[in-house]
C-alpha cells in the first residue's frame, strides 16, 4: 500500500495517476479538501456535494453511504435497498429529566425520560419527531409493585402514556423509531 502526503490538487491527481491501472479513467471527478484543521470535505469538482460513497464495489453485494438532504443512509451500493449497520453501541441524542421534575414534558429528541407523579394515570410527551407511524418503546425505569405502563400511543407530535396509578413517582424511559 502506498501512502502520499499531498499539498495540492495537482499533486493528488499526479499521485492517483501513478497508481491507477492503465485501463482506468484518466480524470478525477471528486475531491477531498481540508476545510479546517482536522475537517475534510468530500465533494464533486463543482462543490455541489456527493450523492453516495461506495465501499468495495457498485453492486448489491457492497455497502454504501448515501446522502439524502441532511440524512445519511446506509444503502446497498446499487441503491436497490437499505443495508445493515452493525455497531456495539447505539447512542442517540436524549434528555434525562431530573427526578424532581414530574409531569408532562416537551422532549424533541429520539430518547429520554419523564417522571410520572403519584396517582397520575395518563402523561404526555410532546415530541416533534413523533408521527402516527412512529414506533415508540417505553419502559418503567424503577421497580414499583403498584404502577405499570399499559400503553404508549403515538400521534403527530405527541406520545400519550397510560399507566396503572402508581403510589410513588415513577421514571419512564422512551425511545422513538421512525420507519
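When residue 61 is tested against (1) touching a residue at least 60 places away in the same chain (Cβ under 8 Å); (2) farther than 28 Å from residue 174 by Cα, just one condition goes unmet, and that condition is (1).
With respect to the conditions (1) assigned to a loop (DSSP other than H, G, I, E, B); (2) within 23 Å of the chain's Cα centre (by Cα); (3) in contact (Cβ under 8 Å) with a residue 40 or more places away in the chain, residue 88 lacks only one, and its number is (3). Being more than 30 Å from residue 51 (Cβ to Cβ), in contact with a strand residue (DSSP E or B) (Cβ under 8 Å, 6 or more places away or on another chain), in contact (Cβ under 8 Å) with a residue 24 or more places away in the chain and in a strand (DSSP E or B) is the requirement here; does residue 163 meet it? Criteria met by residue 163. One residue stands out among those in the range 44-71 that are touching a strand residue (DSSP E or B) at 6+ places or on another chain (Cβ under 6 Å) and not in a loop (DSSP other than H, G, I, E, B): the one that is modelled with the lowest pLDDT, which is 44. When the range 127-147 is filtered for residues that are modelled with pLDDT under 95, farther than 18 Å from residue 96 by Cα and surrounded by 13 or more Cβ atoms within 10 Å (Cβ to Cβ), the ones remaining, listed by number, are 144, 147. Of the listed requirements (1) surrounded by 14 or more Cβ atoms within 10 Å (Cβ to Cβ); (2) farther than 30 Å from residue 41 by Cβ, residue 151 misses just one: (1). Within the bounds of the range 152-160, is there any residue that is closer than 26 Å to residue 82 by Cα and either touching a residue at least 24 places away in the same chain (Cβ under 8 Å) or touching a strand residue (DSSP E or B) at 6+ places or on another chain (Cβ under 9 Å) (or both)? Among the residues of the range 152-160, at least one is closer than 26 Å to residue 82 by Cα and either touching a residue at least 24 places away in the same chain (Cβ under 8 Å) or touching a strand residue (DSSP E or B) at 6+ places or on another chain (Cβ under 9 Å) (or both), which makes the answer yes. Here is the figure for the range 94-147: residues that are over 14 Å from residue 160 (Cα atoms) and not in a loop (DSSP other than H, G, I, E, B) total 6.
The values are calculated or read from the model by the stated rules, or taken from the named source; none is laboratory data. This structure is a prediction, so every number in the text was calculated from the model and none was measured. So basically every Cβ, Gly included, is an ideal-geometry build from the backbone, and we count neighbours across all protein chains shown.
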